[in-house]
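Comments concern the structure below.
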Amino acid sequence: MNRSRIFNCVSIISLSTLAIFSACAAAPKEVEPSSMAGGQGGGSGSVKWTAPARWEAKPASGMRAATYVIPAATGDSEGGECPVFINIAGGVQANIDRWIGQFEKTDGDPVQKKETINGLPVTFIDVSGTFKGGGPMMGQSGGSKAGYRLLGAIVEGPEGEVFFKLTGPAKTVAAAQDEFQAMLKSLKK
């Protein structure tokens with residue numbers, strides 16, 4: 001009988017704590033991707049881009065302004081994914097560090113660089129290795145995956161940062177790398 005009461009109290013406290021933290025979190029801004037001439041378009045606030053035609057666009061949801069599904073390269077058993085996030089706290093470097101931390105083991109040092117595209121500062125990251133995912137909050141889970149690669153870009157837009165995160169088997173990401181770069185080169189304010 002006593003154990004039952006303790007269990008109930010612990011359950012109530014746990015659920016109350018979860019409810020409080022959920023209520024305190026800022027709701028992410030949802031942005032519906034818009035169509036642009038010449039291909040699939042996307043946008044977040046005042047930043048717009050054109051997605052590669054062979055990537056399948058999925059609807060915006062939660063923190064994702066857009067999600068693109070990339071077909072698997074020949075020999076890969078699964079394809080890749082490129083979600084576009086908005087309203088992620090922490091700033092550019094903290095998010096780059098978090099993305100690198102989503103790998104249990106990296107194949108060499110991650111490559112980070114910064115450039116300006118159409119007047120917008122963009123920080124890039126390229127990391128390969130054993131990917132453990134971004135977790136259920138980011139729509140990614142399912143255990144560690146060896147031979148994965150992440151190409152990321154954080155755009156410092158006029159209304160906030162926009163996060164492009166292409167992940168998947170290394171061959172699939174390599175096959176999509178030029179398309180990812182072309183999408184970023186299409187960025188507009």
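Here are some residues: Gly134, Gly152. Which one is closer than 21 Å to Thr67 by Cβ, modelled with pLDDT under 95 and not hydrophobic (A, V, I, L, M, F, W, C)?
Answer to the selection: Gly134.
Looking only at segment 32-51, filter to residues that are aliphatic (A, V, I, L, M) and closer than 17 Å to Lys165 by Cα; which one of those is modelled with the highest pLDDT?
So the residue we want is Ala51.
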Q | Members of segment 106-132 that are closer than 17 Å to Thr172 by Cα and more than 15 Å from the chain's Cα centre (by Cα) | A | Asp107, Ser128, Gly129, Thr130
**Q.** When residues of segment 62-97 are limited to those that are part of a helix (DSSP H, G or I) and either touching a Leu at 6+ places or on another chain (Cβ under 9 Å) or within 22 Å of Glu159 (Cα to Cα) (or both), the one modelled with the lowest pLDDT
**A.** Gly91
Q.
Looking for something at pLDDT below 95, outside any helix (DSSP H, G or I) and either on the phi > 0 side of the Ramachandran plot or surrounded by 11 or more Cβ atoms within 10 Å (Cβ to Cβ) (or both) - is there at least one such residue anywhere in segment 21-29?
A. yes
Q. Which of the residues that make up segment 119-133 are surrounded by 14 or more Cβ atoms within 10 Å (Cβ to Cβ) and either of a type in the set (Val, Ile, Thr) or outside any strand (DSSP E or B) (or both)?
A. Val122, Thr123, Ile125, Val127, Thr130, Lys132, Gly133
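Please verify whether Ala146 is touching a Gly at 6+ places or on another chain (Cβ under 9 Å) and more than 21 Å from Ala66 (Cβ to Cβ), treating the condition exactly as stated.
Criteria met by Ala146.
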Q: Tally the residues that are among the aliphatic types (A, V, I, L, M) and within 19 Å of Pro52 (Cα to Cα), restricting the search to segment 72-88.
A: 3
**Q.** Arg54 surrounded by 10 or more Cβ atoms within 10 Å (Cβ to Cβ), assigned to a loop (DSSP other than H, G, I, E, B), basic (Lys, Arg) and modelled with pLDDT of 55 or more
**A.** yes
(Q) Restricting to segment 98-110, and then to whatever is part of a loop (DSSP other than H, G, I, E, B) and of a type outside the set (Gly, Ala, Ser), can you tell me which residue is surrounded by the fewest Cβ atoms within 10 Å (Cβ to Cβ)? (A) Asp109
Q: Being more than 16 Å from the chain's Cα centre (by Cα) and buried (at least 17 other Cβ atoms within 10 Å of the Cβ) is the filter; apply it to segment 145-165 and report the residue that is farthest from Ala72 (Cα to Cα).
A: Gly157
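The values are calculated or read from the model by the stated rules, or taken from the named source; none is laboratory data. What you are looking at is a predicted structure, and each value in this text was computed from that prediction instead of being measured. When we count neighbours, we look across all protein chains shown, and the Cβ atoms used for this are built from the backbone with ideal geometry, even at glycine.
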